[in-house]
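**Q** Let me begin by handing over the structure; questions about it come next.
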Amino acid sequence: MAGGAGTVVTGNSAADCGEYNIQRMVVLALETVTPAGSLAVFRDGQVVATLGESGVPHAARLPQALVAWLGAQGLRLEDVTHLAVVCGPGSFTGVRIGMACAQGLAVTRSWPVAAVSTLDALADGWRVTHPDAGVRTVVACLDGMRGEVFTATYHWDGASMALRGEPMVGVPSPADIGDVTAPVTVVGSGAVRYADVWSGAGWEVLDACEPLAAGAARLAASGASPCVTPHALRPVYVRRPDVELARERRLTQA
Amino acid sequence: MKILGIETSCDETAAAVVATTGDAAKPWAVRSNIIASQTAIHREWGGVVPELASRQHLRDICGVVDRALEAAECGWSDIDALAVTQGPGLVGALLVGVSYAKAAALSLAKPIVPVHHLAGHIESIWLEHGPIPLPAVVLVVSGGHTSLYEVPALGVYRLVGRTRDDAAGEAFDKVARLLGLGYPGGPVVDRRAKLGNDQAVALPRPRFTGPSRSKPHLEGMTEFSFSGLKSAAVRLLQQRQDAGPMTDEEVNDFCASFQRIVVETLVDRTFAAAAALGARSVGIAGGVSANSRLRADALTRGVAEGLPVFVPPLSLSTDNAAMIAAAGLRRLEGGAKSALNFNADPALPMP
């Protein structure tokens, strides 16, 4: 989450961002699903984002680090009109810290909140940093620990991204990704960790192209990730609790 | 002053508003006390599953806080401070309450104080009864804790003894599970015990053979152990159940006998510690303080020994946020400074 590392600016003109009343929107985005976490602000068609310091627990530095960073951007909480939070998949605990923090801020300020998928944010980061890329399949891939990755598959037609199917969790395997349109780019921490698996299939491997909060801010501003009340925020765990998986195994074996 | 308390340390998502009254005899009043219990979710597993608990806290917290404010007939702008359980407890569960409360406090520019869960249980006695004679000895007994505290002054809690192994509530859960009575075990064992003979089954009273961890003047008085009793109960039940299903009467007798031993142990140790420490009152708090026999036996012993006994009402016995709000008020009244840089601590020591 917020705090330290360099600030990243990724561009998008207001015209790219749909029909929202985007000129007056100031979207604050929060991401705590990765060890470092990230923060971003969308205003005037631009996203400014920063990575946090991975050595400090999210729950210890939030929300004060968020306000401090916002201040460094010349903004106060009063200036924010919308909140976005990365809602998973990722670290279960990290997901909940970010979402509970978002709820605490949003209920007291009556902010609308967008819950943005980690994988959507990853894919959108690739999109804005590769504006000239041709038609392909993009696989957003987050390291899920336990030898597994969280993945979601998107079709990029040269102008827009479309999610194909549902996000999945499983061992890294190109064969499990389903139908793809070559070339294929796999992006994110799960791409890098299992680079030999993906590159063995001839797929391009990239790390995350920007802090995840940047994509969350953009997707919330564009309306691609719609805003809800904080009460209706729901995490996207993808991986089920261990006790349920164990019960399923027992029932299968019985 | 109105303080919003938030509690998510285990399997209850709770929020409450407590207000100061200006009345020295009853300085705090509960304006609302909302609890969303997860018992039904964890019943299938026979105990609290941390990941399921954490998921449910996140789902419930906004609605629970809304209801607490609504029931107290106030809005966010009427809240003067927040208190939240920092620990001990399940870390994933604690983090939901801590993250939510810190964000709300910062957004509202209101002070926030982190609270020790057991300090909350102790303060539930003051919340209900107002000032009680000091020094007091307070037994905190629940599914996760069995501890004795000396309270020499308001807001000062000195640990004088605790269980070496299982909490009393855990033992109730285990026995209930073996008897096929479901989860949680405390309430159902209490109900069935009322129908049984408490002398019918010979169960051992907890004894200590290892070195004492108590201070020398409290040796043998303040420590608890329930694992031996639990193991003995398990052995007896397995032997009996090998011979066929137990009758309802046998189950009732087993519950009554088991409960008698647990309650006698708790009451004996508490009053022994009170006598050794020169306490002028005794308190009993925590989920197991809802046990009807523990309440009755403690009150009877208090009358016999001339020591007043204070127990919170049932609504403040199990985990709740009114007690957290009360402990927060105690800390603020004691000059605690608000700070946002705290984190959840599953093994938080008592301050």
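Just so you know, all these numbers are worked out from the coordinates, no wet-lab data involved. Treat the numbers as computed from the prediction; the structure is a model and nothing was measured. Cβ placement follows ideal geometry from the backbone for every residue including glycine, while neighbour counts extend to all protein chains displayed.
**Q** Along the charge dipole of the stretch A:182-241, pointing to its positive end and built from +1/-1 on Cβ of Lys, Arg, Asp and Glu, which listed residue (A:213, A:186, A:228) has its Cα farthest out?
**A** Checked the options; the winner is A:228.
**Q** What value does the stretch B:219-351 have for Rg/Rh, both radii from Cα atoms and Rh as Kirkwood defines it?
**A** The Rg/Rh ratio comes out at 1.07.
**Q** Something else about it: Within chain A, which is the longest segment that contains none of the trypsin sites (Lys or Arg not before Pro) sitting in a DSSP loop with at most 12 other Cβ atoms within 10 Å?
**A** A:147-254
**Q** While we're here: Rounded to a whole number, what is D in µm²/s for the stretch B:133-307 from Stokes-Einstein with the Kirkwood radius over alpha-carbon pairs (37 °C, 0.692 mPa s)?
**A** Diffusion coefficient, whole number: 199 µm²/s.
**Q** I've got another one for you. Relative contact order, percent, of chain A when contacts are C-alpha pairs under 8 Å separated by at least 6 residues?
**A** 23
**Q** What does the charge count around residue A:96 come to, taking other residues whose C-beta lies under 11 Å from its C-beta (Lys +1, Arg +1, Asp -1, Glu -1)?
**A** It works out to a net charge of +1.
**Q** Let me ask another. Using the Cβ atoms and a cut-off under 12 Å, what net charge is assigned to the surroundings of residue B:141, where Lys and Arg are +1 and Asp and Glu are -1?
**A** My count for the surroundings of residue B:141 gives +1.
**Q** Report the charge-dipole magnitude of the stretch A:79-187 in Debye, nearest 20, computed about the Cα centre from +1 at each Lys and Arg Cβ and -1 at each Asp and Glu Cβ.
**A** 260
**Q** Related question: Quick one: A:25, A:161, A:99, fewest Cβ neighbours within 10 Å first, how do they rank?
**A** Lowest count first: A:161, A:25, A:99.
**Q** Can you give me the P(r) profile for the stretch B:34-113? Cα pairs, bins 10 angstrom wide beginning at 0, each as a whole percent.
**A** Pairs per bin, as whole percents: 17, 47, 28, 8, 0.
**Q** Can you tell me the alpha carbon radius of gyration of the stretch B:1-51 divided by the globular rule-of-thumb value 2.2 N^0.38 Å?
**A** Rounded to two decimals, the normalised Rg is 1.56.
**Q** Next up: Give the angle, between 0 and 90 degrees and rounded to the nearest 10, that separates the Cα long axis of helix A:118-129 from the longest principal axis of the Cα atoms of chain A.
**A** Its long axis makes an angle of about 80 degrees.
**Q** Of all DSSP beta bridges in the protein assembly as shown, what percent run antiparallel (nearest 5)?
**A** Here the antiparallel bridges make up roughly 65 percent for the protein assembly as shown.
**Q** Using only the Cα atoms of the stretch A:131-206, what are the Rg and Dmax in Å?
**A** So, for the stretch A:131-206, Rg and Dmax equal 11.4, 36 Å respectively.
**Q** Hey, another quick one. Return the percentage of antiparallel bridges among DSSP beta bridges fully within chain B, rounded to the nearest 5 %.
**A** 60
**Q** Relative to the compact globular guide of 2.2 N^0.38 Å, what is the alpha carbon radius of gyration of chain A, as a ratio?
**A** Scaled against compact globular proteins, the figure is 0.99.
**Q** Further, regarding this structure: Just want the ordering: B:174, B:337, B:110, from fewest to most Cβ atoms lying within 10 Å of their own Cβ.
**A** B:337, B:110, B:174
**Q** Angle between the Cα long axis of helix B:117-129 and the longest principal axis of chain B, 0 to 90 degrees, nearest 10?
**A** For helix B:117-129, the angle is close to 80 degrees.
**Q** Now for a different question. Can you show me the helix-derived [θ] at 222 nm for the protein assembly as shown, built from DSSP H runs with n ≥ 4 at -39,500 (n - 2.57) apiece and divided by the number of residues, rounded to the nearest 500.
**A** Dividing the helical sum by the residues of the protein assembly as shown leaves -12000 deg cm²/dmol.
**Q** How high is the relative contact order of the stretch A:131-206, in percent, with contacts defined as C-alpha pairs under 8 Å that are six or more residues apart?
**A** Answer for the stretch A:131-206 is 33 percent.
**Q** Also: When only alpha-carbon atoms count, how far does the protein assembly as shown stretch along each of its three principal axes, as whole angstroms with the largest first?
**A** 86, 62, 41
**Q** Another question, if that's okay. In what sequence do B:224, B:258 fall when counting other Cβ within 10 Å, fewest first?
**A** Sorted ascending by nearby Cβ count, the order is B:224, B:258.
**Q** With N denoting the number of residues in chain B, provide Rg(C-alpha) divided by 2.2 N^0.38 Å, to two decimal places.
**A** The value comes to 0.99.
**Q** For A:225-235, what's the mean count of beta carbons from other chains sitting within 10 Å of each residue's beta carbon?
**A** For this peptide, the per-residue mean of nearby foreign Cβ atoms is 2.
**Q** Please give, to one decimal in nm, the separation of the simple spin-label points placed at residue A:253 and residue A:130, each 7 Å out from Cα toward the Cβ.
**A** 4.2
**Q** A further question on this structure: Which of the lysines could a cross-linker bridge to residue B:194, judged by Cα under 25 Å and excluding same-chain residues fewer than eight apart?
**A** B:174, B:230
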